[in-house]
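Every read-out reported here was derived from the displayed coordinates using simple, explicitly stated rules and does not represent laboratory data. All values derive from a computational prediction rather than experimental measurement. All Cβ positions, glycine included, derive from the backbone under ideal geometry; neighbour counts span all protein chains shown.
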């Protein structure tokens, strides 16, 4: 199984404060990993640093994506190479139509893969078919990005974009936050439909609920910037029983 | 769309229009007094009435003080330290055929992409695509040439430099000059009336749809000069015309003053569409230099069902201060104002419009888009005035501000004065921001930062862009993209 993402000794600071303190993680193609942990453990930092967001200082370590040094690439280049971040809080961009935005994103990806870019007509046909699958409302394309969307709609839109862009490394930052049962089910179906042997996924989450619907291959527990425990899907149940508190105690005594 | 147009070349930033041309010029020393005015009038060979008009305006001006109420800050202008006349020596004997024009002048306009030689269409656009665009090219204080005059004359359309109009059509000039912007209207209008040098004159006879777009291109070259142009467009009963003006100036450390006056008159059932793409040198990234653009533009919908539309894209100038306005005198007349004003680095803008409803069943539409970036400061100032008796007047105003980054400013000063109970006035305003979050979202989807800003800004401005003549809509999008380089962070 080829390694999609290899993180070694990653140390990251935010505003001078060290958040990730030497993290190691390896995800193979076709695998779904989950990262869980208490607030402040560095879960979102991890996802954002891999995606290339500003405001994070990498102090040491390496992140390699399909053998390539990911940290050396600009965010848009990482995206074009197949890295996708499902945002915890997707922003609104008033005035920019979703159709224009999506077409630009799809074509950026196609161009990178040496495929022909889609013209407006072909794009519309392709997109409308996919919209039906995820139950996205008809006026979605004419609206400005995320404008006036409920929390659930925004998360569904993130999964929809993921389906369009066909990324190889998927990072979902608390995709389940703010979702009710029905929304969670729809979003999870979308994620499961996108599992593939040449795709790796990293789900960042607080709660086990998501993992009931999207069973992971591995679960890692992050605490104070380090992975303190890794295991199979049953780890979610254990955590729910005992909470994160014992982890800190364990880590402290290690 | 990948057609390139001539105007496209001059719109390129990096301020590629910042060069200075080495032209032998006839330049007056700086300073303003009655002798300077007499000299200007003499150089233009003006009839007596014109000189009298100028002098009266000058005497008014002497009694006025510069206005200070706008939301802009600049060191006081020394009016005695400005050169009021500078013209290429080769033009001193008046208008001539293009073969006689100083080759250096021709090269300048060539470099700027302005077609002085008549071509069936703008370069880069297929010949079948349209009838072409007539151009009047103005260099410092004189018009260098006007294309397609003969063809237009066949339709009875007069399109020539203002200087020529004063000589060849004095009755028309006398009839309409100052009827929309009287000399005493404001400080800069008075100054302009005294010292204006050139601009364009357009007259469309009754029932004629002008067969091509008309445009004037203004180029400032000489140092320390002010540019005071005067444009007068008269659309007679039932006529239509679409007019475009463009402009650039060299990069200099000192500010230069541009105080123009534009008067539009539309008679019964006539329509004037006036579009401006303003790209005066905006000053450098530290705010040094740049043009002061203090302009009075006003249209009088004098006849019934007359219509005047102003469309402006203002990206240049250190300071922009202008309110293209419509006086809706005729019953059923319509006034429109579509504007995109951009301020980046240290640019300042205080711009907007005045819609004065006088006749019955008049209608006005105002769509203003302000984009502030860098440390730019952008103010919208608009007046909607409905006089008593303007029965059934309707206005719709939409005023949107977009802030890019966190060090710029946007302000709105709407004035609404309604004295007529049957009037309907609507005003909507929004403010939004492009911040790091929005940009990162785009980048994470594979869209580069510059493309992202460009897409967002174009989406923001599209209601205004769709009012521009087709040839310029594409180039304006490019101009905005370039003007916004380095605007985030």
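With n ≥ 4 as the cut-off for DSSP H runs, can you work out [θ] at 222 nm for chain A, using -39500 (n - 2.57) per run divided by the number of residues, rounded to the nearest 500? Helix contribution divided over all residues of chain A: -11000 deg cm²/dmol.
Cβ-to-Cβ counts within 10 Å put B:273, B:44 in ascending order as B:273, B:44, the fewest first.
Could you calculate the FRET efficiency of residue B:42 with residue B:150 from 1/(1 + (r/R0)^6), where r is the beta carbon distance between them and R0 is 25 Å, rounded to 0.05? It comes to 0.30. Exposure proxy for B:155, B:240: other Cβ atoms within 10 Å of each Cβ, ordered fewest to most, give B:155, B:240.
Note on the stretch B:224-348: Rg/Rh from Cα positions, Kirkwood definition for Rh, rounded to two decimals, is 1.06. Each Cα pair under 8 Å and six or more residues apart adds its separation to the average, and for the stretch B:272-358 the resulting relative contact order is 33 percent.
Overall dimensions of the stretch B:147-229, expressed as equivalent-ellipsoid semi-axes from the Cα gyration tensor (√(5λ), whole Å, largest first), are 25, 17, 11.
Using the Cβ-Cβ distance between residue A:180 and residue B:413 with R0 = 41 Å, the FRET efficiency computed as 1/(1 + (r/R0)^6) comes to roughly 0.35. For chain B, the relative contact order is 11 percent, taking Cα pairs closer than 8 Å that sit 6 or more residues apart in sequence and dividing their mean separation by the residue count.
Where both residues lie in the protein assembly as shown, what percent of DSSP beta bridges are antiparallel, nearest 5?
The answer is about 20 percent antiparallel.
Averaging over all projection directions, find the projected area of the Cα convex hull of chain A and quote it in nm² with one decimal place. Please report the intermediate quantities before stating the final value.
Numbers: hull surface 55.4 nm².
So the mean shadow area of the Cα hull is 13.9 nm².
With both residues required to sit in chain B, DSSP beta bridges show an antiparallel share near 10%. In summary, the stretch B:313-386 shows an alpha-carbon radius of gyration equal to 1.24 times the 2.2 N^0.38 Å reference for compact globular proteins.
For a modelled paramagnetic label at residue B:35, 7 Å from Cα along Cα-to-Cβ, no residue of the stretch B:200-244 is in reach, as no backbone nitrogen comes under 13 Å. Taking 20 Å as the cut-off, the amide N atoms of the stretch B:449-473 that come nearer than this to a point 7 Å along the Cα-to-beta-carbon line of residue B:365 belong to B:458-473. Working value for the stretch B:331-489: equivalent-ellipsoid semi-axes of 34, 16, 12 Å, each the square root of 5 times a Cα gyration tensor eigenvalue, largest first.
Please order A:140, B:218 by the number of other Cβ within 10 Å, starting at the fewest. All intermediate terms of the calculation are to be shown ahead of the outcome.
On the way: A:140 19, B:218 25.
Placing the least packed residue first, the sequence is A:140, B:218.
Report summary: the helix-based calculation at 222 nm, which adds -39500 (n - 2.57) for every DSSP H run with n ≥ 4 and divides by the residues of chain B, gives -6500 deg cm²/dmol.
Could you check what % of the DSSP bridge pairs in the stretch A:127-254 are antiparallel, to the nearest 5? Just about 50 percent of them are antiparallel. Distance between the pseudo-spin-label points of residue A:120 and residue B:78 (7 Å out from Cα toward the beta carbon): 5.5 nm.
Its alpha carbons give chain B an Rg and a Dmax of 21.5, 68 Å.
Subtracting the Cα-Cα distance from 0.36 nm times the residue separation, let me have the gained length for residue B:24 to residue B:64 in nm, one decimal. Spell out each step's value before the answer.
Numbers: separation 40, 0.36 × 40 = 14.40 nm, distance 3.54 nm.
Stretched fully, the residue B:24-residue B:64 segment lengthens by 10.9 nm.
Whole-percent P(r), the protein assembly as shown, all Cα pairs, 10 Å bins from 0: 3, 13, 20, 20, 15, 11, 9, 6, 2, 0, 0.
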